[in-house]
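Take a look at the structure set out below.
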Amino acid sequence: MSIGKSIIIPVYNAEDTIVDCLDSLTKQTINKEDFEVICIDDGSTDRTNKLLKNYNQILNYKVITQDNKGPSQARNKGVELAVGNIILFTDSDCILDEDWISEMLKPLEDKSIAGVQGAYKTKQNSIIALFDQIDIESRYNKMKKNDFIDSIGTYSAAYRRDVFMKYGGFNTNYKAACGEDFEFSFLLNKNGYRLVFTENAVCYHRHPDTIKKYLKTKFSRGYWRTLLYKNYKNKIYNDTSTSFILKLQC
């Protein structure tokens, strides 16, 4: 049996969301024998590890446990253990559309494409969550104006494994899930690799639904972007996904 795709999910204290995420992967339209799912439990202190180890609905499924080192380290470890030549990333609080894998793979049929960004949506109705989605949609509108992009978020990302390994994966100096994914895609873009956006590969996300959660998320993004822009000063004013106004919000 040949497994050509590996889905990597870093997981930390996700007892409320991880089963829904995994269940969505059981409904994918591609052959279940063609992909594996690797979950890296990043030192969870709730019931996450038990839920992961008891899950048995995915044919090719691995659970790896590590001390809490952050999502960058977890994702890198997952890729090291992966057997697929295409690596797909998502988050433990995402629910994947049934065509998510197949739509993420379509752009990679062009051998010149090294990475793919999929799309976030939400099914929430709260004003705060919908406002956050408007921010995200503005990023996508900017991406759609470019044939190639320089920014990929790991909530819905795909890379060729050989390219990912060549450049050492994500910078583990980022201890939170914010900035390490953009830095890696900036690096590939700088080295001439083609990255694209596909709005047809959809995952559903639980956005912050209160002012407190929203501001906490904004603060975290801003904090880690200081490291991102320290390493890539030329991206402070412009990249293919973030307007300068949104940068000021972060």
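The values are calculated or read from the model by the stated rules, or taken from the named source; none is laboratory data. Please read all numbers here as calculations on a predicted model, not as lab measurements. As a convention, Cβ positions derive from the backbone with ideal geometry for all residues, glycine included, and neighbour counts pool all protein chains shown. The area values use the complete protein model at the heavy-atom level, side chains included, leaving out ligands, DNA and RNA. Shrake-Rupley method; radii C 1.70, N 1.55, O 1.52, S 1.80 Å.
Name the single residue that is most open to solvent (accessible area, probe 1.4 Å) among those in segment 116-156 being among the small types (Gly, Ala, Ser) and within 17 Å of Arg206 (Cβ to Cβ). First the steps, then the outcome.
Keep residues of segment 116-156 that are among the small types (Gly, Ala, Ser), which gives 118-119, 126, 129, 138, 151, 153, 156.
Those still in the list that are within 17 Å of Arg206 (Cβ to Cβ) too: 118-119, 126, 129, 153, 156.
Values: Gly118: 0, Ala119: 4, Ser126: 38, Ala129: 0, Gly153: 2, Ser156: 0 Å².
That would be Ser126.
Going by the structure shown, is Val37 open to solvent by 10 Å² or more (accessible area, probe 1.4 Å), under 20 Å from Arg161 (Cα atoms) and either among the basic types (Lys, Arg) or not in a helix (DSSP H, G or I) (or both)?
Working: open to solvent by 10 Å² or more (accessible area, probe 1.4 Å): no; under 20 Å from Arg161 (Cα atoms): yes; either among the basic types (Lys, Arg) or not in a helix (DSSP H, G or I) (or both): yes.
No, not satisfied.
Among the residues of segment 1-23 satisfying the criterion of being part of a helix (DSSP H, G or I) and open to solvent by 10 Å² or more (accessible area, probe 1.4 Å), which is nearest to Lys106 (Cα to Cα)?
Of everything passing the filter in segment 1-23, Asp23 is nearest to Lys106 (Cα to Cα).
Residues being free of Cβ contacts under 8 Å to residues at least 24 places away in the same chain and open to solvent by less than 20 Å² (accessible area, probe 1.4 Å): count how many of those fall in segment 157-166.
So the first thing to find is which residues in segment 157-166 are free of Cβ contacts under 8 Å to residues at least 24 places away in the same chain, and the list is 166.
Adding the requirement that they be open to solvent by less than 20 Å² (accessible area, probe 1.4 Å) leaves none.
Residues that pass the stated criteria total 0.
Only one of these is at pLDDT 95 or above, open to solvent by less than 10 Å² (accessible area, probe 1.4 Å) and not basic (Lys, Arg): Leu81, Leu59, Leu88. Name it. Full working, then the answer.
Numbers: Leu81 fails: open to solvent by less than 10 Å² (accessible area, probe 1.4 Å); Leu59 fails: open to solvent by less than 10 Å² (accessible area, probe 1.4 Å).
Just one listed residue meets the conditions, Leu88.
The rows are residues; the columns are (1) without any contact (Cβ under 8 Å) to a residue 40 or more places away in the chain; (2) β-branched (Val, Ile, Thr); (3) closer than 20 Å to Tyr204 by Cα.
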residue	(1), (2), (3)
Asp20	no, no, yes
Leu25	no, no, yes
Asn31	yes, no, no
Glu36	no, no, no
Thr45	yes, yes, no
Lys50	yes, no, no
Asn56	yes, no, no
Asn60	no, no, no
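If Lys175 satisfies every condition in (1) at pLDDT below 95; (2) in a helix (DSSP H, G or I) but one, which is the exception?
(2)
I want to confirm something. Restricting to segment 74-117 and keeping residues that are of a type in the set (Lys, Arg) and free of Cβ contacts under 8 Å to residues at least 40 places away in the same chain, which single residue is nearest to Phe170 (Cα to Cα)? Even if it seems obvious, please write down each step before you answer.
Taking segment 74-117 and keeping what is of a type in the set (Lys, Arg), we get 75, 77, 106, 111.
From what's left, free of Cβ contacts under 8 Å to residues at least 40 places away in the same chain: 77, 111.
On the way: Lys77: 10, Lys111: 23 Å.
Looking at residues that are of a type in the set (Lys, Arg) and free of Cβ contacts under 8 Å to residues at least 40 places away in the same chain, I get Lys77.
Out of the residues in segment 167-177 that are farther than 25 Å from Ala201 by Cα and in contact with an Asp or Glu (Cβ under 9 Å, 6 or more places away or on another chain), state the one that is surrounded by the most Cβ atoms within 10 Å (Cβ to Cβ).
Ranking the candidates gives Tyr174 first.
Do we find a residue being in contact (Cβ under 8 Å) with a residue 12 or more places away in the chain, farther than 24 Å from Leu22 by Cβ and assigned to a strand (DSSP E or B) anywhere in segment 122-143?
No, segment 122-143 contains no residue that is in contact (Cβ under 8 Å) with a residue 12 or more places away in the chain, farther than 24 Å from Leu22 by Cβ and assigned to a strand (DSSP E or B).
Which of the residues belonging to segment 91-102 are within 19 Å of Ile30 (Cα to Cα) and touching a Ser or Thr at 6+ places or on another chain (Cβ under 6 Å)?
The answer is Ile95, Leu96, Glu98, Asp99, Ser102.
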